[in-house]
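Sharing a structure below in structure tokens format, with a few things to ask.
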Amino acid sequence: MKKFDAVVIGDANIDLVVIGCNQIPQPGQEIFVENMMMHVGGGAALFTISLAKLGLHVAFDGVLGDDGYGHYIREQFQRYGIDTSLIRTSKISNTGITIAINPELDRSFITSF
């Protein structure tokens, strides 16, 4: 008997989506925006969540940082019933973050892996 319907190997990061930002602030400037939202991001992570939503028994195999973002991603996977036993935790690298600015139009990204 197989343990999983699928094991997805790859990236998982945090997407911080900034809504209502039409410009990058200049040095010393503060810009107020409509909203900011945090989501699980990364192609492999999103594919894993989609498979789980379809009812498949899936596991994710990847590396997360030992930080709040890594813990958040792990919690979100568990919320969808995704097996997290294959995830490794890095004490050296942080969880990757992408900031998406102006998602309503032609988006711009700032990414740290």
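Take the chain, drop everything but the C-alpha atoms, weight them equally and run the Debye formula without solvent; then report log10 I(q)/I(0) at 0.22 Å⁻¹ to two decimals.
After summing over all Cα pairs, the log10 values are -1.14.
Against the longest alpha carbon principal axis of the chain, how many degrees, from 0 to 90 and to the nearest 10, is the axis of helix 43-53 turned?
Its long axis makes an angle of about 60 degrees.
Tell me the label-point distance for the pair R107, E34, using the 7 Å Cα-to-Cβ offset, in nm and rounded to one decimal.
1.5
Restricting to the chain, what percent of DSSP beta bridges are antiparallel, rounded to 5?
Rounded to the nearest five, the antiparallel share is 45 percent.
Calculate the spin-label point distance for Y80 paired with L16, positioning each point 7 Å from the Cα along the beta-carbon direction, and give it in nanometres.
Label at L16, label at Y80, 2.2 nm between them.
In addition: Add -39500 (n - 2.57) for each DSSP H run of 4 or more in the chain, then divide by its residues: what number comes out at 222 nm, to the nearest 500 deg cm²/dmol?
On the way: 2 runs with 23 residues, N = 113.
Roughly -6000 deg cm²/dmol at 222 nm, from the helical runs in the chain.
May I ask for the distance between the Cα centers of region 30-44 and region 91-109, given as a whole number of Å?
Distance between centres, Cα-based: 7 Å.
How tilted is helix 68-79 with respect to the longest principal axis of the chain? Cα atoms for both, answer in degrees (0 to 90, nearest 10).
Long axis of 68-79 versus the principal axis of the chain: about 50 degrees.
Next up: Figure the gain on full extension for K91 and H57 (residue separation times 0.36 nm, minus the Cα-Cα span) and round it to one decimal in nm. Mind dumping the intermediate values first?
Details: separation 34, 0.36 × 34 = 12.24 nm, distance 2.86 nm.
This chain segment gains 9.4 nm when fully extended.
Here is a further query. Can you order the peptides 33-44, 83-94 by their average number of other Cβ atoms within 10 Å per residue, highest first? Spell out each step's value before the answer.
Numbers: 33-44: 14.4, 83-94: 12.6.
Descending mean neighbour count gives 33-44, 83-94.
No lab work stands behind these numbers, since they all come straight from the coordinates. The shown structure was predicted, so the numbers you read here are calculated from the model rather than taken from an experiment. Ideal geometry is used to build each Cβ from the backbone, glycine not excepted, and the neighbour counts take in all protein chains shown.
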